[in-house]
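**Student:** The structure is given below, and queries will be raised subsequently.
The values are calculated or read from the model by the stated rules, or taken from the named source; none is laboratory data. Keep in mind that this is a model prediction, so the values were computed, not measured. Cβ placement follows ideal geometry from the backbone for every residue including glycine, while neighbour counts extend to all protein chains displayed.
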Amino acid sequence: MNLKIGIDVGGTFTDFFYVRKGQAPVIHKVLSTPEDPSLAVVRGLEELAKIGDSPLSASEFIASIETIVHGTTVTTNTTLTRTGAKSGLITTQGVRDALEMRRGIREEQYNNRYTNVEPLVPRYLRIGVEGRLDRNGQEITPLNLDEVRQAIELFKEESVEAVSICFMNAFANPEHEQQAAELVRKELPNAYLSVSTDLLPSIRFYERVSTTALNSYVGPKLDWYLNQLKDRLQKAGFSGLLLIMQSNGGVMTPELARKSAAQTLLSGPSSGPGAGLVYAKIHGQSKCIVVDMGGTSFEAALVVDSPIVANSGKIDRHHLALPMLDIHTIGAGGGSIGWIDKGGLLRMGPQSAGADPGPACYQKAGTSGAGGRLPTTTDANLILGFLNPDFFAGGQIRLDMDAARKAVEEHIAKPLGMDIERAAAGMYRIACTNMAQGVREISIKRGFDPREFPLVVAGGAGPIHSCLICDELEIPFQIIPRESSILCAVGMLMSDIKHDFIRTFVARLENLDWEKLESLVAEMEDNGRRLLSDEGIPEEQQENVIKFDCRYLKQYHEVSFPVPREAFRMRDLEQIIKAFHAEHNRLYGYTLEAEGAAIEIINVRVQAIGQTEKPQPHEETTGTADPSEALKGKRQIYVFENENFEEIPVFDGHRLRSGHRISGPAMIEQITTAIFVSKAFDCLCDPYGSLALFRKGSED
Amino acid sequence: MSQTDPILLSVYANTFKSITDEMSIVVEKSTRSPILCEAKDFVTGLYDAQGNMLEQTENLPILAFSLAPVCRYLLEYFGDEIYEGDVIFHNDVFSYGNQNNDVAVFRPVFFEGELVAWTAVKGHQADIGGNVQGGYNPNATEVWQEALRIPPVKVYEKGKLRQDVWDFIFANIRLEIVQHDMKAQMGACKVGERRVLELLKKYGTESYENHKSALFEATQKMMEAEIAQIPNGVYCGEGMVYFDGHHEGSEFTIRVKITVEDKKVVFDYSETDAQTNGFVNGTYTSSASATLLTFLQMVNPDIPHNEGMIRPITINIPEGNLLNASYPKATTFGNHLCPPNADAIIRALSAVIPERVTAGWNNLLCSLTTGTDPEKNDRYVDIGFMGLKGGSGAMHGTDGYDHIGMIDASGGLLDQDYEMFEQQTPHLLLKHEYITDSAGAGEWRGGLGVETDFRIGSEDTQVVIFGDGDFEPAFGLFEGQDSILNTIELTYPDGEKVVPKNKDLILGVPKGTHYHQIAGGGGGYGNPKKRAREKIKAEVRNGVISPEAAKTDYGVDINK
């Protein structure tokens, strides 16, 4: 039956999504089971079997699944809750503290109560051993294997579960690391092992040791979880292919994920941007900004042909130098708490009421949280009429207007000397400004003009705020996907297999050793081909992308840019240099092209991509423009352009049909999402059930 | 606040902050000198038409106060000859510059023909002329031996480059990258201008004017509320400076008298020693920054950095004083008078707000090595960031921060990455680790110091040393103990040992010389005997406290 299912495990819900040819896509949600997330996965699949026109038994249904793409936050949570493996580090004598020092940064400079983050490996398990390579990888002192043995003995005594190996200048010569690794494999066969140059053979010691230690810290936990998941799935009758989401927006097999667990550390939101692109493409756009507003956080990412990639990031203040999607997260969600600072300014978040206690209006909701006392974004949205107290989550959760008003009155309206409605409007306004700022981070600050991008809006509360966000940023066009509330699960079905490789190769571009460079690239491409072939991807569905990390001589930060295959093949330096100048200019607003400044390459990267099969969107037939069949009624809702409440029409989102057109201001209600079409926008329902919002007069 | 909207006020505050942050990212990512892009020794700021600070991103706290006084001076200097499209450079320490090497770019922002704001970036340049490359000349006695003076000068007027002026300036500066870095600073100012204009287009001049005044008032209130928590009174403290670079054994005392009266605070330095004849002299702007950053660490760290924050604070430093040298004294060391100035303020306030002050921080002792990489046949300059970063002082309830570096940077200055260090210099790193027992003992211990060892890889290497902390360690508070001293020692290949003075210039250091440096820890806070036993045991196991020190300093026998 060729069934491919996306399963996204979140903090509260585990989302399921699949498409069968010729049928409407299926969306399903079950409560997550944090102690063992695989329980919810299997439960959800069993429930899915019963949905639809022709129910199957659970085992029949699960046996018919060919591919499961799975997003897990096991490694992320392990790091954030500090429940990772007891780890040891073998490193070069004299530099064992680099991991803990983090280059000596204190992120909050004026805050003397701000303490350093606890190191992933305690100092007594960080062992420096004799053995040294110079900057070119030449051996100065041979590796002292006796000292490595002593370290291993200590690790045995201390019941260490995971071992990291990272030596100075190993990026230029992995020999010492391999020698030590061999000994560890022999003496500690059950320990999880991470070798820095296997994971990240590139220059910058701190980044490499931190990444390696993170991998060891989360590896055993992920390994355990994947075993649980495979076991349970197998028992339930699954015999297809399981793929795991990575932070780089691609997927990989569980066998690889076990080895490079750190690749999943920031994978939570990483399938969203790719999904956003699918909806943008339906409207003829190959780029977009994708935003996702959840209960506690707001995520923004930018896509140009493919999602923008960053070469490093941070998790809980630990450096992670692996390619990952450039997703900016801020503490702005439905649960974000409004407060007045000591100077009398209204602020929203980053503190959040989360799911427990939850917004004030959850007093009688019957949710896990009993409802807090502090005013949140959701409370403001209720007061402003954006949320329907009787139709929240399709009526499953009843919202308490009095509690919301009381919280806003006490904590915002009174201190600011204004009425409750105006205070709520202010909260809404500030929340939107914060989110617009989040969008600036991934657009303007990266050299992109947000006005040129459609905004794809995800998350239950996202489309209440998106018109004002678009107003702030002058964005003329937004798309609210039909699957807005489970965008990441959709993205999983759209993800290709991706493997990233890197080699440090320091040289000036004008006197490049092309043969050396080509052999490095060929080696990485071979590795990629081998992995993809093992994963069953035929040659014609494989592709390689080459990137250089370059900089002007003596600059400290590199610019990473794709090198056209043809230019690389022809050794066309001129074209490569032009591409570097162009990217530098886009990012930083100037080049040193006229000055003829020398350029040096630091790293060369290859991404091996294996294309997977993707479901085709389900198209409806187009009907009339008149949406009156979907009209539910009218209610008083705050229209921010007029700074006033107005009686505006409310539509049932599930009764909207392709071709229906609604002129703002209007409200559209779905079970999982509420959409506010402001006065400045018109809304058109597209053939795939998504909503396209055009700034009035801008539609072409 | 009659014409202001409290909600819009928050929008303005957010926007101002995002503008200076965005400018900061442009500078960080596009400059070439490691002092700018790695050490982030620069500040970006936004000022109103009168030169009042709207917001700034200072990166290093020592730059907290360094632009606004210059902005006001420019207004006075150019009067009605400020035009759209102007770009102005400035570094002159005798017209409110803070340090010669810190060169500022100012760009006036016009909206509908009216001057409405200034965007500015000040950054520490890799060279600014003078006798010694890099600017740190321990032998200097006058400003001209240190730097090219740049009083306010337009390099662009009405959008047109003044090539003659540009060429004149850069003919007096050794390194070409300084031109590129100044262009990067100009780029950041332009980015800032664009955002200010977007804001004005949306809300108009009147709304902007009203709201910025309201913002200053709101911030002022916050600062006043903080000051009001300190009991009224007059509090005095001292900090010591050792060696002016010329007279061995010379010592100088910084004396501060702090008067707290209701919602206002005055820092008076009238009793501080007179200026020196060397380069160990402060400028008003840099000294006032030092005072502010130390005080800001004792109040709520979330107060916005704008004009309103400064209004309740008065800083009085008479000219001719060690902290405010008169024309034409040498002053390059001035920023590094921050640690002893902070010592004086901490000592003054420790009795009255004991739970808000830290014990003493490790003072700066820094080296700068210059030479030619024999393999690459290329000149290098390296500032020894990783070697200079000691520990911070402990405070009530919180241990000091390990390897954070001097208080002027408070953890904003990063180590070189070890492998990048070996790529960019010919040196071989032998050791960079925490030092056992380097932290001042206490119920809350000081931050740990570090030890740095490397083998020098170039012949005829020049080593410039500047700093302090080799005579007096970071001090403990309330029965907390002092830390250990800073040291630098060179061992030549023939076995000869050289211990440089704390302001020194050493020439002809041969390849193969062993460089050794100790940056001490921070002072401890409270009686060490009260420290939790489990913490001490864990620290002994981790080797940051020795079993002997556990016994003598903390009274804990680890074997029992």
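**Student:** Tell me, which residue of the range A:115-130 that is in a helix (DSSP H, G or I) and within 7 Å of chain B (Cβ to nearest Cβ) is farthest from A:Lys314 (Cα to Cα)?
**Tutor:** Step one: of the range A:115-130, the residues in a helix (DSSP H, G or I) are A:123-125.
Restricting the remaining residues to those that are within 7 Å of chain B (Cβ to nearest Cβ) gives A:123-124.
Values: A:Arg123: 21, A:Tyr124: 25 Å.
Ranking the qualifying residues of the range A:115-130, first place goes to A:Tyr124.
**Student:** Taking the residues in the range A:597-622 that are within 14 Å of chain B (Cβ to nearest Cβ) and assigned to a loop (DSSP other than H, G, I, E, B) as candidates, determine which candidate is nearest to A:Arg204 (Cα to Cα).
**Tutor:** Among those residues, the one meeting the criterion is A:Ala598.
**Student:** What number of residues within the range A:76-104 are crowded, with 20+ Cβ neighbours inside 10 Å and either among the aliphatic types (A, V, I, L, M) or more than 8 Å from chain B (Cβ to nearest Cβ) (or both)? Write out each step before concluding.
**Tutor:** The initial filter retains those residues of the range A:76-104 that are crowded, with 20+ Cβ neighbours inside 10 Å, namely A:78-79, A:84-85, A:87-92, A:94-104.
Next, from what is left, pick out any that are either among the aliphatic types (A, V, I, L, M) or more than 8 Å from chain B (Cβ to nearest Cβ) (or both): A:78-79, A:84-85, A:87-92, A:95, A:98-99, A:101-102.
Qualifying residue count, the range A:76-104: 15.
**Student:** Quick one: is A:Leu133 among the aliphatic types (A, V, I, L, M), within 27 Å of the chain's Cα centre (by Cα) and more than 8 Å from every other protein chain (Cβ to nearest Cβ)?
**Tutor:** no
**Student:** Within the set of pairs 6+ apart or on separate chains, which have a first residue in the range A:183-202 that is under 16 Å from A:Asn215 (Cα atoms) and touching a residue at least 60 places away in the same chain (Cβ under 8 Å), a second that is among the acidic types (Asp, Glu) and assigned to a helix (DSSP H, G or I), and C-beta atoms under 7 Å apart?
**Tutor:** Qualifying pairs under 7 Å: A:Tyr192/A:Asp223.
**Student:** Could you tell me whether A:Leu531 is within 14 Å of another protein chain (Cβ to nearest Cβ) and touching a strand residue (DSSP E or B) at 6+ places or on another chain (Cβ under 9 Å)?
**Tutor:** Answer is no for this residue.
**Student:** Among B:Glu451, B:Glu443, B:Glu419, which is free of Cβ contacts under 8 Å to residues at least 40 places away in the same chain and either more than 9 Å from chain A (Cβ to nearest Cβ) or not aliphatic (A, V, I, L, M) (or both)?
**Tutor:** Values: B:Glu451 fails: free of Cβ contacts under 8 Å to residues at least 40 places away in the same chain; B:Glu443 fails: free of Cβ contacts under 8 Å to residues at least 40 places away in the same chain.
Answer to the selection: B:Glu419.
**Student:** Kindly provide the set of residues from the range A:156-172 that are in a loop (DSSP other than H, G, I, E, B) and modelled with pLDDT under 95, ordered by number.
**Tutor:** none
**Student:** Output the qualifying pairs, or none if there are none: Cβ atoms under 8 angstrom, residues six or more apart or on different chains, first residue in the range B:171-195 and without any contact (Cβ under 8 Å) to a residue 60 or more places away in the chain, second residue hydroxyl-bearing (Ser, Thr, Tyr) and part of a helix (DSSP H, G or I).
**Tutor:** none
**Student:** Consider B:Glu58 carefully, then state whether it is touching a strand residue (DSSP E or B) at 6+ places or on another chain (Cβ under 8 Å) and in the same structural domain as B:Val155 (by TED's automatic domain parsing).
**Tutor:** yes
**Student:** Continuing with this model, one more query. Any idea which residue in the range B:172-216 is modelled with the highest pLDDT, counting only those that are more than 14 Å from every other protein chain (Cβ to nearest Cβ) and within 25 Å of the chain's Cα centre (by Cα)?
**Tutor:** B:Ile173
**Student:** Pick from B:Asp408, B:Asp399, B:Asp373: which is of a type in the set (Asp, Glu) and touching a His at 6+ places or on another chain (Cβ under 8 Å)? Explain how you work it out, then say what you get.
**Tutor:** Working: B:Asp399 fails: touching a His at 6+ places or on another chain (Cβ under 8 Å); B:Asp373 fails: touching a His at 6+ places or on another chain (Cβ under 8 Å).
Sole residue among the options that is of a type in the set (Asp, Glu) and touching a His at 6+ places or on another chain (Cβ under 8 Å): B:Asp408.
**Student:** So in the range A:521-544, with the set limited to residues that are surrounded by 17 or more Cβ atoms within 10 Å (Cβ to Cβ) and of a type in the set (A, V, I, L, M, F, W, C), which one is nearest to A:Phe505 (Cα to Cα)?
**Tutor:** A:Val521
**Student:** Can you tell me which residues in the range A:174-207 are assigned to a helix (DSSP H, G or I), among the polar types (S, T, N, Q) and either buried (at least 24 other Cβ atoms within 10 Å of the Cβ) or within 14 Å of chain B (Cβ to nearest Cβ) (or both)?
**Tutor:** Hits for the range A:174-207 are A:Ser196, A:Thr197.
**Student:** Any residue in the range A:585-596 that is more than 11 Å from chain B (Cβ to nearest Cβ), assigned to a helix (DSSP H, G or I) and surrounded by 15 or more Cβ atoms within 10 Å (Cβ to Cβ)?
**Tutor:** Checked the range A:585-596: no residue is more than 11 Å from chain B (Cβ to nearest Cβ), assigned to a helix (DSSP H, G or I) and surrounded by 15 or more Cβ atoms within 10 Å (Cβ to Cβ).
**Student:** Being buried (at least 21 other Cβ atoms within 10 Å of the Cβ), among the aliphatic types (A, V, I, L, M) and within 20 Å of A:Phe238 (Cα to Cα) is the requirement here; does A:Ile7 meet it?
**Tutor:** Judged against the criteria, A:Ile7 is a match.
**Student:** Filter the range B:381-416 for residues that are of a type in the set (D, E, K, R) and more than 22 Å from B:Ser289 (Cβ to Cβ); which is farthest from the other protein chains (Cβ to nearest Cβ)?
**Tutor:** Restricting to residues being of a type in the set (D, E, K, R) and more than 22 Å from B:Ser289 (Cβ to Cβ), the top hit is B:Asp382.
**Student:** Without any contact (Cβ under 8 Å) to a residue 24 or more places away in the chain and not in a strand (DSSP E or B): does that describe B:Asn139?
**Tutor:** The answer is no for B:Asn139.
**Student:** Tell me which residues, restricted to the range B:313-326, are surrounded by 21 or more Cβ atoms within 10 Å (Cβ to Cβ) and either of a type in the set (A, V, I, L, M, F, W, C) or within 14 Å of chain A (Cβ to nearest Cβ) (or both).
**Tutor:** Those that are surrounded by 21 or more Cβ atoms within 10 Å (Cβ to Cβ) and either of a type in the set (A, V, I, L, M, F, W, C) or within 14 Å of chain A (Cβ to nearest Cβ) (or both): B:Ile315, B:Ile317, B:Leu322, B:Leu323, B:Ala325.
**Student:** Return only the number of the condition from (1) more than 21 Å from A:Phe205 (Cβ to Cβ); (2) polar (S, T, N, Q); (3) in a strand (DSSP E or B) that A:Asn112 does not satisfy.
**Tutor:** For A:Asn112, the exception is condition (3).
**Student:** For the range B:4-18, indicate whether the set of residues that are more than 9 Å from chain A (Cβ to nearest Cβ), free of Cβ contacts under 8 Å to residues at least 40 places away in the same chain and surrounded by fewer than 24 Cβ atoms within 10 Å (Cβ to Cβ) is non-empty.
**Tutor:** Looking for residues that are more than 9 Å from chain A (Cβ to nearest Cβ), free of Cβ contacts under 8 Å to residues at least 40 places away in the same chain and surrounded by fewer than 24 Cβ atoms within 10 Å (Cβ to Cβ), one finds none in the range B:4-18, hence no.
**Student:** Also: Residue check, B:Ala218 against (1) small (Gly, Ala, Ser); (2) under 30 Å from B:Glu84 (Cβ atoms); (3) in contact (Cβ under 8 Å) with a residue 40 or more places away in the chain, all met but one. Which one?
**Tutor:** So B:Ala218 meets the others, but not (2).
**Student:** Quick one: which of A:Gly447, A:Gly459, A:Gly385, A:Gly394 is more than 11 Å from chain B (Cβ to nearest Cβ), within 23 Å of the chain's Cα centre (by Cα) and in contact (Cβ under 8 Å) with a residue 24 or more places away in the chain?
**Tutor:** A:Gly459
**Student:** Collect the residues in the range B:158-177 that are acidic (Asp, Glu), surrounded by 13 or more Cβ atoms within 10 Å (Cβ to Cβ) and out of contact with any helix residue (DSSP H, G or I) (no Cβ under 9 Å at 6 or more places or on another chain), keeping them in residue-number order.
**Tutor:** none
**Student:** Also, I was wondering about something else. Can you confirm whether A:Asp549 is assigned to a loop (DSSP other than H, G, I, E, B) and of a type in the set (D, E, K, R)?
**Tutor:** Working: assigned to a loop (DSSP other than H, G, I, E, B): no; of a type in the set (D, E, K, R): yes.
Criteria not met by A:Asp549.
**Student:** On to the next question. Quick one: would you say A:Phe651 is among the aromatic types (Phe, Trp, Tyr), surrounded by 13 or more Cβ atoms within 10 Å (Cβ to Cβ) and not in a strand (DSSP E or B)? Give the derivation first.
**Tutor:** Details: among the aromatic types (Phe, Trp, Tyr): yes; surrounded by 13 or more Cβ atoms within 10 Å (Cβ to Cβ): yes; not in a strand (DSSP E or B): no.
So A:Phe651 fails the test.
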